[in-house]
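Have a look at the structure below before the remarks.
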Amino acid sequence: MERNLKNVLVISFGFLLLFTAYGGLQNLQSSLHSEEGLGVASLSVLYAALILSSMFLPPILIKKLGCKWTIAGSMCCYIAFSLGNFHASWYTLIPTSVILGIGGAPLWSAKCTYLTIAGNSYAEKAGKNGKDIINQYFGVFFLIFQSSGIWGNLISSLVFGQASTKVEISDVACCGAHDCMTNTTNTTGSAEPSNSLIYILLGIYTASGVLAVLLIVAFLDQIKSNQAETEKEILETPSFWSTFLATFQHLKDKRQCLLIPLTIYSGLEQGFLSGDYTKAYVTCALGIHYVGYVMICFSAVNSFCSLLFGKISQFTGRKLLFALAAVTNTACIIALLLWKPHAKQLAVFFIFPALWGLSDAIWQTQTNGLYGILFEKHKEAAFANYRLWESLGFVIAFGYSTKLQIYVKLYILLSTLVLCMVMYGALEYLEAKSSPGTPPTTKKEDIGPLTQDTHV
């Protein structure tokens, strides 16, 4: 047990170090590299590469390299992205974004495989239920991993907060829903951070990624030879083309088709907050050093609400929670359309990400749970669709980020939200009609390990 727990902690802290760097860097892309939309373009390319990678690469790499070296190698892809930011251009950032996207899917798959093997191995020796041990291991992992959003954003705000040059806000008319589609540094509440501060931040993030790799290489145990059969069973996956076909054959199920708008919306709303809200509202009116603090608020509320709603969903049912998320997001979108941000309204900048975090916690936990319940016999194809459509939402959100004004994006978000709730209502009607008198229940194991696996 002690040895297995040590390996779980090594993986958990490795991911904590890695995503402390990546999470903070992702939230800064739209503000840090705003010229010609380079930052958001890199994120769009990244998620497109992730879609392709997740379809065929994970089982191949894990079989060839094993879980330990797949994790270590994939982490190096994240370090490449940090290095690409040192001299950000279309020739450095786009290729390193592709590299990160390719490494993202094998990283998460190898982590899931390793924890599953470790849990089953210990359960077999101790005579305990494998699912219970696996859920415990994933619980420890996400408890540690979730805090990465806080540390990464805190580092960026503390570093950029060192800027000695402050400027008065001369014009905030270009901030908010009716942004002027200009470089945010022209109207920002603080001067653009100096190159030295940017290099210091990137140096910290790169060092954090390197430490993550060294931690895995030095302290994570290889899977023992007597566990090879277990590993083989877990990794017995169909070929690329059969997986590809199964993913799209699953669309014959009308319930899956009804879930597509909801899944795409999940990517769109996350992309809007990290790509557009941080740039057009926070950086524009307050300065780039506030982006980290605002996103800490989002991460903290999201983590707390994910735990809370996971617990209370058995009492409230998923319909009430989905309704709460829809009403909260709708109110936020309408308010963002009407609000003219100003530095004197500091608290308001934190209220929006807090409410957004509450809604996102519901979209993530309940949508994952819904997929697990509805498609229990075809989980692989169902979650492949989940990864595909949510990643497509990210690609779209970052892809049109520099082409449309903020108010247009907010109307797109609102329209998609209305559509996805209409389709979700139709899905619940079909479910109630097919199984009258049988209330839906959420299986704990369907939600746990899967809630974060689509976040690169």
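Structure above, values below:
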item	result
Furthest towards positive pole of dipole, Y47, I102, N385, structure part the chain, Cβ charges	N385
Enclosed volume per residue, in Å³, of the convex hull spanned by Cα atoms of the stretch 265-310	65 Å³
Rg in Å to one decimal, and Dmax rounded to a whole Å, for the stretch 308-396 via C-alpha atoms	16.1, 54
For the stretch 357-365, 3J(HN,Hα) per residue [Karplus equation, 6.51 cos²θ - 1.76 cosθ + 1.60, θ = phi - 60°, Hz, x = Gly/Pro]	x, 4, 5, 4, 4, 6, 4, 6, 5
Alpha-carbon centroids, the stretch 1-72 and the stretch 343-360: separation in whole Å	27 Å
Contact order normalised by residue count of the stretch 250-433, Cα under 8 Å, 6+ apart, percent	46 percent
Computed [θ] at 222 nm, deg cm²/dmol, the chain (DSSP H ≥ 4; -39,500 (n - 2.57); rounded to nearest 500)	-25500 deg cm²/dmol
Stretch in the chain that is longest and holds no GluC sites (Glu not before Pro) that DSSP places in a loop and that have at most 12 other beta carbons within 10 Å	237-456
Percent RCO, i.e. relative contact order, over the chain, from Cα pairs under 8 Å lying at least 6 residues apart	26 percent
Expected-Rg normalisation [2.2 N^0.38 Å, Cα atoms] applied to the stretch 250-433	1.05
Phi to ³J(HN,Hα) by Karplus 6.51 cos²θ - 1.76 cosθ + 1.60 over the stretch 94-102, Hz, x for Gly, Pro	5, x, 6, 5, 4, 4, 5, x, 5
Assigned charges on the beta-carbon of Lys, Arg, Asp, Glu; the chain dipole about Cα centre (debye)	660 debye
Counted charge near L427, where neighbours are those whose Cβ lies closer than 12 Å (Asp, Glu -1; Lys, Arg +1)	+2
Top positive-direction residue, dipole computed over the chain with Cβ charges, set F349, F142, Y290	F142
Hydrodynamic radius by Kirkwood, which averages 1/r over all alpha carbon pairs of the chain, in angstrom	22.6 Å
Listed peptides 305-313, 85-93 by packing density, highest first (mean Cβ within 10 Å)	305-313, 85-93
Entries in K6/K111; K319/K403; K63/K254 that, when Cα-Cα distance is taken, lie over 26 Å	K319/K403; K63/K254
The stretch 338-441: proportion of alpha-carbon pairs further apart than 23 angstrom, %	45 percent
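All of the numbers you see were taken from the coordinates with simple rules; none came from a lab. Remember, predicted model here, so these are calculated numbers, not experimental data. FYI the Cβ positions are ideal-geometry reconstructions off the backbone, even for glycines, and counts take in every protein chain you see.
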